1. Looking at the structure I just gave you, is PHE153 modelled with pLDDT of 80 or more and part of a helix (DSSP H, G or I)?
2. In the stretch 21-35, is there at least one residue being closer than 28 Å to THR143 by Cβ, under 30 Å from the mean Cα position of the chain (by Cα) and loosely packed, with under 14 Cβ neighbours inside 10 Å?
3. Looking only at residues in the stretch 14-38 that are in a helix (DSSP H, G or I) and hydroxyl-bearing (Ser, Thr, Tyr), which one is nearest to VAL84 (Cα to Cα)?
4. If the Cβ limit is 6 Å and pairs must be 6+ apart or interchain, which residue in the stretch 160-185 that is under 20 Å from GLU73 (Cα atoms) pairs with which residue that is outside any helix (DSSP H, G or I)?
5. Just checking, which of VAL131, VAL120, VAL104, VAL162 is closer than 24 Å to PRO37 by Cβ and modelled with pLDDT of 80 or more?
6. Looking only at the stretch 165-183, count every residue that is exposed (fewer than 13 other Cβ atoms within 10 Å of the Cβ) and at pLDDT below 90 and tell me the total.
7. Read through the list (1) at pLDDT 90 or above; (2) in contact with a strand residue (DSSP E or B) (Cβ under 8 Å, 6 or more places away or on another chain); (3) closer than 23 Å to ARG156 by Cα, then give the number of the only condition that GLU65 fails.
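The values are calculated or read from the model by the stated rules, or taken from the named source; none is laboratory data. From a predicted model like this one, the values you see are computed outputs, not experimental measurements. With ideal geometry, Cβ positions are generated from the backbone for all residues, glycine too; neighbour counts draw on all protein chains shown.
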Amino acid sequence: MRILAATHQDLERLIAEGRFRADLYYRLKVFTIAPPPLRDRPEDILLLIAHYLRRLGPELNRRVERVAPEALELLQRYPWPGNVRELEGTLKQALLRAPATVLVPGDLPDGLRHPESAGVPQAASASGPDVAAFLRARLAAGTEDLYAEFQAFMERYLITQVLHHARSNQARAAQILGIARNSLRKKIRQLGITIDRVVGDGDADPESEGDA
């Protein structure tokens, strides 16, 4: 018989405090694996998402076929202080909230979409989108719409960066992008982009502006 035991507790500390049996600890401690926290394993996040969606869907009687690229990006960027258990709980909430077969940012808990307002420490921001991780995840998921998904993934990054450069001034951002502001607003809604701040009246639409 082989026994696989897992814990998030510091057993040696518990032994010193008299709260765990030393003989049981040494009987179990034949080979120890100490995995790093989930935030240091972004490639595992994508695999775990696929695993939990397959497992939780039937349990909750929910059918989600895929995760939108924008939602995947949020799940990857979140630091996961609660590790795998927090990820599982988050996906349970998202599945119960999802009205369609595609999981979108709006289905995710508010604390994940706006972690700074929930007091969650942020991971260091990357210099650009993790294209390799995104492609690995979508290919592993067996996607048949990769071109559109990758286009949306990169478009979201582009628009987010331009909005940041323009200090959330949508008129200026639209000018930089070479599209009409109405078109930019539509893309912001479609891609689930959060605007950092609200600009004043000086950002009003030009009267003659039309869709690109």
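1. For PHE153, the condition - modelled with pLDDT of 80 or more and part of a helix (DSSP H, G or I) - is met.
2. Checking the stretch 21-35: at least one residue is closer than 28 Å to THR143 by Cβ, under 30 Å from the mean Cα position of the chain (by Cα) and loosely packed, with under 14 Cβ neighbours inside 10 Å.
3. Among them, the one singled out is TYR25.
4. Here the result reads THR160/ILE193, each pair linking the stretch 160-185 to a residue that is outside any helix (DSSP H, G or I).
5. VAL131 is the lone residue from the list that is closer than 24 Å to PRO37 by Cβ and modelled with pLDDT of 80 or more.
6. 2
7. With (1) at pLDDT 90 or above; (2) in contact with a strand residue (DSSP E or B) (Cβ under 8 Å, 6 or more places away or on another chain); (3) closer than 23 Å to ARG156 by Cα applied to GLU65, the lone miss is (1).
Listed here are the residues, each with its yes/no results for (1) surrounded by 11 or more Cβ atoms within 10 Å (Cβ to Cβ); (2) among the aromatic types (Phe, Trp, Tyr); (3) assigned to a helix (DSSP H, G or I).
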{"position": "ILE3", "(1), (2), (3)": "no, no, no"}
{"position": "ALA50", "(1), (2), (3)": "yes, no, yes"}
{"position": "LEU53", "(1), (2), (3)": "yes, no, yes"}
{"position": "GLU59", "(1), (2), (3)": "no, no, yes"}
{"position": "GLU70", "(1), (2), (3)": "yes, no, yes"}
{"position": "PRO81", "(1), (2), (3)": "yes, no, no"}
{"position": "ARG85", "(1), (2), (3)": "yes, no, yes"}
{"position": "GLY111", "(1), (2), (3)": "yes, no, yes"}
